[in-house]
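Below: the structure, in structure tokens.
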Amino acid sequence: MRQAISTPAAPPAIGPYSQAVRAGSFVFVSGQIPLDPGTGQMTGGDIRAQTHQVMRNLGEVLKAAGASLDHVVRTTIYLADMADFAAVNDVYGGYFSTPAPARATVQVARLPRDARVEIDAVAHIG
């Protein structure tokens, strides 16, 4: 059984998808970009500020699903420029305890709304 997860504390979906879907004990969080949920605008500043916003958005969607970042088992980071890897990695690492989730990081040609970073996640609620 699939259950859509939605919260006004994170940016609304900008297409035909859910912010997250819970399936059994797993929560699949759609990719989050650095949109401010209050304004709907892209977070300004450098890649660090954008990554913090993405992580806050992920956290809010997980919270709406009854989970937290501590439940995340897998993420994918999408970067517009791999030169941002070290800065994103530094911010990202501050949001997770040990053991950190499994992860892939890829550079892409372009992200929605010309974001510089997008992150999706899979969480397990035991």
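Just so you know, all these numbers are worked out from the coordinates, no wet-lab data involved. Note that this is a predicted model, so its numbers are computed, not measured. Positions of Cβ are backbone-derived with ideal geometry, glycine not excepted, and every protein chain shown enters the neighbour counts.
Compute, for the stretch 60-126, the length of the dipole vector about the Cα centre, with Cβ point charges of +1 (Lys, Arg) and -1 (Asp, Glu) only. Units Debye, rounded to 20. The partial results should precede the final answer.
Values: 6 positive and 8 negative charges, 29 e Å.
For this selection, approximately 140 debye.
The stretch between D46 and V108 holds 20.5 nm of extra length on full extension. This uses 0.36 nm per residue minus the Cα-Cα distance.
Treating only the Cα positions of the stretch 2-124 as identical point scatterers, give the base-10 log of I(q)/I(0) from the Debye formula at each q in 0.09, 0.14 Å⁻¹. Values returned for q = 0.09, 0.14 Å⁻¹ are -0.21, -0.53. Which parts of the stretch 5-40 would a label at I125 reach, counting a residue when its backbone N lies under 15 Å from a point 7 Å out along Cα-to-Cβ? The answer is 5-7, 19-30. Rounded to the nearest 0.05, the FRET efficiency derived from the C-beta distance between F96 and Y17 at R0 = 41 Å is 0.95.
Note down the magnitude of the dipole of the stretch 2-124 about its Cα centre, charges +1 on Lys and Arg C-beta and -1 on Asp and Glu C-beta and zero elsewhere, to the nearest 20 debye. Can you show the working numbers first?
On the way: 10 positive and 10 negative charges, 71 e Å.
It comes to approximately 340 debye.
As a check on your grasp of the helix formula, calculate [θ] at 222 nm for the chain: sum -39500 (n - 2.57) over DSSP H runs of n ≥ 4, divide by the residue count, round to the nearest 500. My calculation for the chain gives -7000 deg cm²/dmol from helical runs alone.
Extension gain A4-K63, at 0.36 nm per residue separation less the Cα-Cα distance, in nm? List each step's numbers first, then the result.
Values: separation 59, 0.36 × 59 = 21.24 nm, distance 1.34 nm.
Difference between extended and current length: 19.9 nm.
Pick out, in residue order, every one of the trypsin sites (Lys or Arg not before Pro) in the stretch 78-126 that is DSSP loop and has at most 14 other C-beta atoms within 10 Å; say none if there are none. Walk me through the numbers before you get to the answer.
Values: sites: R103, R110, R113, R116; in loops: R110, R116.
Sparse-neighbourhood loop trypsin sites (Lys or Arg not before Pro): R110.
Helix 47-64 and the longest principal axis of the Cα set of the chain meet at an angle near 10°.
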